[in-house]
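No lab work stands behind these numbers, since they all come straight from the coordinates. Keep in mind that this is a model prediction, so the values were computed, not measured. Here the Cβ positions follow ideal geometry from the backbone for every residue, glycine too, while neighbour counts run over all protein chains shown.
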C-alpha cells in the first residue's frame, strides 16, 4: 500500500509536523494517525485540509478525497476565526475558516477598504500591537496565541518613505 506525507500545522504553533499515512485513509483513521504522530488533538479540535472551511468529521468512515503527497493539514480549536482589520481610521470585521491564509484576509481587506491595485501592492497585514508581519501563506490559526478565536490586523504600508 502506498503512503503519503502530510504536513500538519497546529493552532498557535509555527512549526510543521510531518505525518505519514496510507493512501485512501478515512477521516477517522486520519485523526488517529495525527494523534499517534504527536499532534495535540483535543476533543474540541477541528481538522481541516488545506484551505477548505469545513472540517473533517472525527468519525468519518469514507476515504478522505483529494489527499496527495505534501498535502497541508490544519488542526485548530477554532472552526472559524473572527478577523478585524484596521486601516487608517476605519475598521472591518469578517469570519474566516481557521485554515485560511493571510493572503485571503488581505484580498478581502483591500476590497473592503477600496484600495486600488498600486496601494494594495504597497500594503501588508501586521498583527495588531506587534511588528509581526506574517507571510501571505501563513494559516490564520497558527497566529492565535490563546483560545480566543479572534485576530486583529493593521493594514499598513510595507515601507514608509519620508521626504
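For region 80-157, the mean projected area of the C-alpha convex hull, equal to one quarter of the hull surface, is 4.7 nm².
As a proxy for reagent exposure, ranking 100, 61 by other Cβ atoms within 10 Å from fewest up yields 61, 100. What distance in nm lies between label points placed 7 Å from Cα along the C-beta direction at residue 43 and residue 133? Reported label-point gap for residue 43 and residue 133 is 4.4 nm.
Across the chain, the relative contact order, built from alpha-carbon pairs under 8 Å that are at least six residues apart, equals 24 percent. Take the alpha carbon gyration tensor of region 3-76, find the square roots of its eigenvalues, order them as a ≥ b ≥ c, and report rounded if a/c is under 1.5; if not, report prolate when a/b exceeds b/c, else oblate. Here region 3-76 falls in the rounded category. Using C-alpha pairs below 8 Å separated by at least 6 residues, the relative contact order for region 3-76 is 43 percent.
Here's the picture: a label point sits 7 Å out from the Cα of residue 28 along the beta-carbon direction, and within region 50-73 the residues with their amide nitrogen under 15 Å of it are 57-64.
Shown for 116, 154: other C-beta atoms within 10 Å of each C-beta, ranked fewest to most, produce the order 116, 154. Beta-bridge orientation, region 6-112: approximately 80 percent antiparallel, per DSSP, counting only bridges with both partners inside. Annotation for residue 92 and residue 158: the two label points, set 7 Å from Cα along the Cα-Cβ direction, are 1.9 nm apart.
The distance linking region 136-156 with region 38-74 is 20 Å (Cα centroid to Cα centroid, whole angstrom). Each stretch of four or more DSSP H residues adds -39500 (n - 2.57); spread over every residue of the chain, this sum gives -4500 deg cm²/dmol at 222 nm. For 93, 31, 117, the sequence from fewest to most other C-beta atoms within 10 Å is 117, 93, 31.
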